[in-house]
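For reference, the structure discussed in these notes is given below.
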Amino acid sequence: MEKHRCGWCLGDPLYEAYHDEEWGVPVTDDDTLFEFLVLETFQAGLSWITVLKKRENFRRAFDNFDYHKIAQYGQKKIDTLLNDSGIIRNKLKIYATVTNAQAFMKVQGEFGSFSKYIWGFVDGKPIKNAFENYKDAPVKTSLSDTLSKDLKKRGFKFVGSTVVYAHMQATGMVNDHEVSCFRYSQV
């Protein structure tokens, strides 16, 4: 019997696997939260599948998303990234990733972990929406507006409300699977 999936992922095995295994699963470890922050930063203005197809290249180029290393990147490493055809070579997004790694560690220092900080916006548990069609899900909410403003206040870049909401969806802070999707009741 065929599994019913959210309509946005249909037709591409990589997209379907991401949907089935990762999207909407609550993430509480800082390493993965940072990885998604990097990927969502680069996704801004592009399609998620574009970033997903380059994910392993990003992993290689950005030292396995090690924010301690990324926070220390100097101009030589940034120039290497700007010349890496395996990733999205957007100068502002590359610089933002370095800045975000630094801000990420400051948040860890203040809250004990980035996870405690970000999950505090949803009182530690996912918001479970009930959309029949993925197209009915919002691209941002008042909560993502609030979180975006707070992240910006803390020095983060490329964290507009739409990027933040996509991060919340990806990391399971909100469950926006279609109610008929087999993953809806699982995450």
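Condition check for His68 on (1) buried (at least 18 other Cβ atoms within 10 Å of the Cβ); (2) over 18 Å from Lys152 (Cα atoms); (3) not charged (D, E, K, R): one failure, at (1).
Against the test of being more than 30 Å from Gly11 (Cα to Cα), part of a loop (DSSP other than H, G, I, E, B) and either open to solvent by 10 Å² or more (accessible area, probe 1.4 Å) or free of Cβ contacts under 8 Å to residues at least 12 places away in the same chain (or both), the options Gly45, Gly109, Gly120, Gly124 yield a single qualifying residue, Gly124. Considering the stretch 16-33, and only residues there that are open to solvent by less than 40 Å² (accessible area, probe 1.4 Å) and free of Cβ contacts under 8 Å to residues at least 40 places away in the same chain, the residue that is nearest to Ile118 (Cα to Cα) turns out to be Tyr18. Residues in the stretch 127-146 that are in contact (Cβ under 8 Å) with a residue 12 or more places away in the chain and among the charged types (D, E, K, R): Lys128, Glu132, Lys135, Lys140, Asp145. Does Phe114 count as buried (at least 20 other Cβ atoms within 10 Å of the Cβ) and over 21 Å from Gly45 (Cβ atoms)? Judged against the criteria, Phe114 is a match. Going by the structure shown, is Val51 outside any helix (DSSP H, G or I), within 17 Å of the chain's Cα centre (by Cα) and modelled with pLDDT of 95 or more? The answer is no for Val51.
Can Gly112 be described as of a type outside the set (Lys, Arg) and farther than 16 Å from Val164 by Cβ? Against the criterion (of a type outside the set (Lys, Arg) and farther than 16 Å from Val164 by Cβ), Gly112 qualifies.
If only one of Ile94, Ile87, Ile78 is over 21 Å from Ala166 (Cα atoms) and of a type in the set (Val, Ile, Thr), which one is it? Exactly one residue qualifies, and that residue is Ile78.
Annotation for the stretch 24-40: no member residue is small (Gly, Ala, Ser), at pLDDT below 95 and part of a loop (DSSP other than H, G, I, E, B). Within the stretch 128-176, the set of residues being surrounded by fewer than 19 Cβ atoms within 10 Å (Cβ to Cβ), among the β-branched types (Val, Ile, Thr) and not in a helix (DSSP H, G or I) comprises Val139, Thr141.
Among the residues of the stretch 87-94, is any touching a residue at least 12 places away in the same chain (Cβ under 8 Å), closer than 14 Å to Phe156 by Cα and under 17 Å from the mean Cα position of the chain (by Cα)? The answer is yes, given that some residue of the stretch 87-94 is touching a residue at least 12 places away in the same chain (Cβ under 8 Å), closer than 14 Å to Phe156 by Cα and under 17 Å from the mean Cα position of the chain (by Cα).
The values are calculated or read from the model by the stated rules, or taken from the named source; none is laboratory data. All values derive from a computational prediction rather than experimental measurement. Here the Cβ is made from the backbone with ideal geometry for all residues, glycine too, and neighbour counts use every protein chain on show. For accessibility, only protein heavy atoms count, side chains too; no ligands or nucleic acids. Shrake-Rupley method; radii C 1.70, N 1.55, O 1.52, S 1.80 Å.
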